[in-house]
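Enquirer: This is the structure, below, for whatever I ask next.
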Amino acid sequence: MAGLRSAQIGKPTLSKARHAFPSLLRKVRYFDAETERHLVFLTNHLEIPALTVALIYRLRWRIELFFRWIKGHLRIKHYYGTSPNAVKTQIWIAITVYLMVAILHKLFPCLHFSEIGNTPKRTNSPRLYTDLY
């Protein structure tokens, strides 16, 4: 059965942790049926319901995975702007280039793109020319 398992409010048990963070914390236990995993979230947001905490952190994790995919596939080394519009524009440009290269790979499998922006290298396969006629 999926959903909220428990929500507890308390302080850290270790004295060093309690000294570093003396405020009350909420520990939320949640079972995700989609991934069949038990998740535990620790937060200092005591005002919002525990189920909302779990759902927010689940969505946040999806965003983290999306940015991990971006870093791994789109070759964005750093962002050139700091405004939301600049970051969105750079991501959309990188996704567009990624999709264009994927389409080229699909249309012309004998071309190899070692780096985005480099001239494509042709293999010895004559397939490129026979597929076009």
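The values are calculated or read from the model by the stated rules, or taken from the named source; none is laboratory data. Since the model is a prediction, treat every value here as computed from it, not as a measurement. Cβ atoms come from the backbone with ideal geometry, glycine included; neighbour counts cover every protein chain shown.
Enquirer: Take the residues of the stretch 71-89 that are part of a helix (DSSP H, G or I) and at pLDDT below 90: which is nearest to residue 101 (Cα to Cα)?
Expert: 73
Enquirer: List pairs: first residue in the stretch 51-74 and over 13 Å from residue 28 (Cβ atoms), second residue among the hydrophobic types (A, V, I, L, M, F, W, C) and at pLDDT 85 or above anywhere in the structure, Cβ distance under 6 angstrom, at least six positions apart or on different chains.
Expert: 74/94
Enquirer: Need at least 2 residues that are over 21 Å from the mean Cα position of the chain (by Cα), small (Gly, Ala, Ser) and modelled with pLDDT under 90 per element, so show me which strands (runs of 3 or more DSSP E) inside the stretch 1-43 make the cut, counting only ones lying wholly within it.
Expert: Counting at least 2 such residues, we get 3-10.
Enquirer: If residue 117 meets every condition in (1) under 16 Å from residue 7 (Cα atoms); (2) modelled with pLDDT under 85; (3) among the small types (Gly, Ala, Ser) apart from one, which number is that one?
Expert: (1)
Enquirer: Might you check whether a residue that is touching a His at 6+ places or on another chain (Cβ under 9 Å), farther than 30 Å from residue 40 by Cα and in a loop (DSSP other than H, G, I, E, B) occurs anywhere in the stretch 92-102?
Expert: The answer is no, given that none of the residues of the stretch 92-102 is touching a His at 6+ places or on another chain (Cβ under 9 Å), farther than 30 Å from residue 40 by Cα and in a loop (DSSP other than H, G, I, E, B).
Enquirer: Right, residue 52: among the hydroxyl-bearing types (Ser, Thr, Tyr) and assigned to a helix (DSSP H, G or I) or not?
Expert: yes
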